[in-house]
1. Filter the range 74-106 for residues that are in a loop (DSSP other than H, G, I, E, B) and closer than 21 Å to ALA30 by Cα; which is modelled with the highest pLDDT?
2. Is there a residue being within 12 Å of the chain's Cα centre (by Cα), at pLDDT 85 or above and surrounded by 12 or more Cβ atoms within 10 Å (Cβ to Cβ) anywhere in the range 63-73?
3. Mind checking which residues of the range 21-53 are of a type outside the set (A, V, I, L, M, F, W, C) and either under 14 Å from ILE83 (Cβ atoms) or at pLDDT below 90 (or both)?
Amino acid sequence: MAEFRLSELEANASNPSFDDPSHVIAEAVAAGDRFRGSAEQQVFAWLLSLAADRDPATAAENLIDHYDSPASTTLSKKPGTSIHRVFDLLRQVSAFPRTRLTRFQSGRRRRSQRAARP
């Protein structure tokens, strides 16, 4: 069976269905001012719905570009609203792509169970 791999261009392409597979962010945007949920829970649910090979930072940046463009009517610019908080969290996620996170990986290894016992 052939192995399926996305090219770099396809992996970074903006596609709301690919970037928001469970439509969690789309539902929050559609609710607008009526959205009263926890922004943290919405973004966490969105993160969990992403495919394992999808970079959350790229997906978040694509969603911000899609929903927060001047042509869209997103209410994320109103401070103090839950949807505004969702977009703030998405901006935080977009600030840490995988390439940046790999610089912070620790060189330390876990101690084995045998070494940990006295």
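The values are calculated or read from the model by the stated rules, or taken from the named source; none is laboratory data. Fair warning: this is a prediction, and the values are worked out from it, not measured in the lab. As a convention, Cβ positions derive from the backbone with ideal geometry for all residues, glycine included, and neighbour counts pool all protein chains shown.
1. Per the stated criteria, the residue is THR81.
2. Scanning the range 63-73 turns up at least one residue that is within 12 Å of the chain's Cα centre (by Cα), at pLDDT 85 or above and surrounded by 12 or more Cβ atoms within 10 Å (Cβ to Cβ).
3. Hits for the range 21-53 are GLU27, GLY32, ASP33, ARG34, ARG36, GLY37, SER38, GLU40, GLN41, GLN42, ASP53.
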